[in-house]
Amino acid sequence: MIIAVDGPAASGKGTIARALAKHYGLPHLDTGLLYRAVGATVLKNDLDPSNEADAVASCSFDDSLLDDPALKTEDAGKAASIVSAHPLVRAALLLRQKKFAHQPGGAVLDGRDIGTVIAPDADVKLFVKATPMIRAQRRHLELRKQGILASIDKVLGDIRARDERDTKRSDAPMKQAEDAALLDTSFLSIDAAVQRAIALVEARM
Ligand code: C5P
């Protein structure tokens with residue numbers, strides 16, 4: 001069984017994908033980490049994320065980097081969203097994601113283009129969303145827990161900029177697949193969102 005979970009930043013898609021993987025005993029891939037690894041490598045080497053050649057040169061990172069907490073920072077997320085617009089970067093990461101999705105026994109993947117590009121044949125597709133303000137409030141809280149103080153306006157601005165880049169790029173833009181179920185987590189607790197996701201999976205199996 002392949003479960004594709006797509007959606008924007010701080011929509012809850014990662015939490016839901018992890019919970020589904022645990023519930024069904026499936027391996028899980030957070031595909032955003034791959035783009036974050038490319039973005040972080042570009043920044044570490046003082047290269048320019050908007051330059052396609054610089055970004056492509058940063059695609060052969062060591063897998064151990066995927067466990068680095070530095071990938072979770074706002075800077076890595078922003079760089080990820082810039083490098084992810086380059087078609088050659090997406091092409092460099094494509095096969096790895098397709099292989100993960102199509103391994104024997106199935107898998108859960110979350111990202112922006114899982115249901116549309118990586119696994120259009122997924123058995124279940126979810127598109128997770130929440131209002132920009134609610135996503136900004138969640139991110140703001142997360143940042144505060146990490147001791148990072150940023151105004152809610154700044155966080156909201158960053159979220160909107162990221163959405164804009166992810167939906168407007170020409171190659172594999174973020175969009176709800178036609179056959180994806182929509183899950184709006186704006187007014188749901190984490191538990192309620194996970195239960196709703198399981199119910200949607202069950203209804204489509
Ligand atoms: O999901 P996360 O916020 O970690 O993703 C970081 C960035 O990576 C996104 O803003 C997006 O630009 C890019 N990404 C993508 N395709 C995916 C997953 C992430 O373009 N499948």
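The values are calculated or read from the model by the stated rules, or taken from the named source; none is laboratory data. In this text the structure is predicted, and so the values were computed from the model without any measurement. Cβ coordinates were reconstructed from backbone atoms using ideal geometry, including for glycine residues, and neighbour counts include every protein chain displayed.
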Practice item. Looking at (1) of a type outside the set (S, T, N, Q); (2) crowded, with 20+ Cβ neighbours inside 10 Å; (3) in contact with a Lys or Arg (Cβ under 9 Å, 6 or more places away or on another chain), find the lone condition where residue 28 falls short. Key: (2)
Check your understanding: In region 2-19, which residue that is farther than 15 Å from residue 181 by Cβ and assigned to a loop (DSSP other than H, G, I, E, B) is nearest to the ligand (Cβ to nearest atom)?
Key -> 9
Check your understanding: Only one of 127, 100 is at pLDDT 95 or above, under 19 Å from residue 36 (Cα atoms) and aromatic (Phe, Trp, Tyr); which?
Key -> 100
Revision key, fill the gap. Exception for residue 194 within (1) within 16 Å of the ligand (Cβ to nearest atom); (2) crowded, with 19+ Cβ neighbours inside 10 Å falls at (1)
Review point. Residues 118, 114, 159, 82: which one is touching a residue at least 60 places away in the same chain (Cβ under 8 Å), surrounded by 18 or more Cβ atoms within 10 Å (Cβ to Cβ) and more than 27 Å from residue 197 (Cβ to Cβ)?
Key: 82
Review point. Going by the structure shown, is residue 75 within 17 Å of the chain's Cα centre (by Cα), of a type in the set (D, E, K, R) and under 27 Å from residue 24 (Cα atoms)?
Key: no
Check your understanding: Looking at region 65-72, is at least one residue in contact with a Ser or Thr (Cβ under 9 Å, 6 or more places away or on another chain), within 20 Å of residue 30 (Cα to Cα) and not in a loop (DSSP other than H, G, I, E, B)?
Key -> yes
